[in-house]
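For reference, the structure is listed below as structure tokens.
What follows draws every value from the coordinates through simple rules; no lab data is involved. Being a predicted model, the structure only gives us computed values, none of them experimental. We place every Cβ from the backbone using ideal geometry, glycine too, and count neighbours over all the protein chains shown.
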Amino acid sequence: MARYNPGMGSGVAEFRRGLLKWFDECARDLPWRRTRDPYAIWVSEAMLQQTRAAVVIGYYERFLEKFPDLATLAQASETEVLAAWSGLGYYRRARALHESARAVMAEYGGKIPHTASELNRLPGVGVYTAAAVASIAFGEPVAAVDGNVERVLTRYLGHEPVPGAARSGQLRQEALRIVDPKRPGDFNQAMMELGATVCLPKGPVCLNCPLHEGCKTRGEHPIAPARKMLSRKAALAVMQRREWPKSEVLLERRPESSSQMPGMWELPQVKEGRQNADALLLTVRHSITNTNYYVTVYGVDVSERNRLIRADGERKWVLLQELHDFPLTGLTRKILKRLKVMPGYNGTGPAVLIGETVRDAEKEFDSAVFGD
């Protein structure tokens, strides 16, 4: 594996200076960059794993409004935490953050550890998150290497795109050598920002790159083949009832033994290919890791409740006004919002019975296939 190319070599200081100058002038104004509160930074880093910054902003702000400090988060129930995270996906992150908050309160007197090595010992805190929090919040000169940083270094140094832990370990060593000791947090964020906005996976904007002159590839670089996406079909039921003045929807809880999203609430399943075409509400495409789910959603009368496919989890009627405080799966939240069953985030807005608005819903959603 090649070491630094001639553009880096003894010019590490120039590399740092050019990158940080670009970051100071061009960095996006993101809410977690306006604070040095280690708790807020930790929350942002947990949310940003495998999720775009634009998606995270709203969740981040609402999460901190509900859980403004570590103690509040630690005292909350898992249901409350999952409800606040609902729709963001990868719920193990929420559970790990919650468990770690409790560990910090119990073992560190509520004070978040200052070093990456200590943070890494907390439940669910990986090498990257520990380094990111330690460098940004506490100024420890450690390298935070995510997928964006790996891509920047791979292209800049002209390395072969060999997948696996060995390659990641070598890139982390390279990153540690060049991290700016005076501004490690800004340097790490600058590397991630460069990968997210300029050194893109496809179509990198090389002419806008502050490292362009020293880059060995100056453009797209061969990458390891991505995992092939799988396809699955499913059919779900939206069943509502009204007991004036209350309106409710039937949900089903995923078993704790589920490999994905255990304990989260979702719409019950029905058999595909139902005879009553008038009951079709919409179709949705929803991606989870490497699988595309093509989901058909039906409106089901309460009299058909016993015909639903029963999973191992429990079922419950939930008030429409309480849906936003419920730990729903992302797919369930997507469906209920697009059918205008869920109120707005402020507790207002349309929250109606499907039976009363199915024709309007069909006009808006008929035959549509939605992406994430």
Can you check what the Kirkwood hydrodynamic radius comes to for the range 12-214, Cα pairs only, in Å to one decimal? 17.6
Amide H neighbours of Ile288 under 5 Å, at least 5 residues apart or on other chains, H built in the peptide plane: list them. Tyr293
Measure out, as a whole number of angstrom, how far apart the alpha-carbon centroids of the range 115-137 and the range 26-47 sit. 15
Using only C-alpha atoms and all pairs of different ones, pull out the Kirkwood radius for the range 176-248 in Å with one decimal. 17.3
The set of residues whose placed amide H lies less than 5 Å from the amide H of Val238, leaving out same-chain residues fewer than 5 positions away, is Tyr298, Gly299, Val300
Taking loop as defined by DSSP and a crowding limit of 15 other beta carbons within 10 Å, which GluC sites (Glu not before Pro) in the range 225-259 fit? Glu256
Which whole-Hz ³J(HN,Hα) couplings does the range 144-158 yield from phi under the Karplus relation 6.51 cos²θ - 1.76 cosθ + 1.60, θ = phi - 60°, glycine and proline marked x? 9, 10, 10, x, 5, 5, 4, 5, 4, 5, 4, 6, 4, 8, x
What size of dipole, in debye to the nearest 20, comes out for the range 12-214 about its Cα centre when the only charges are +1 on Lys and Arg C-beta atoms and -1 on Asp and Glu C-beta atoms? 220
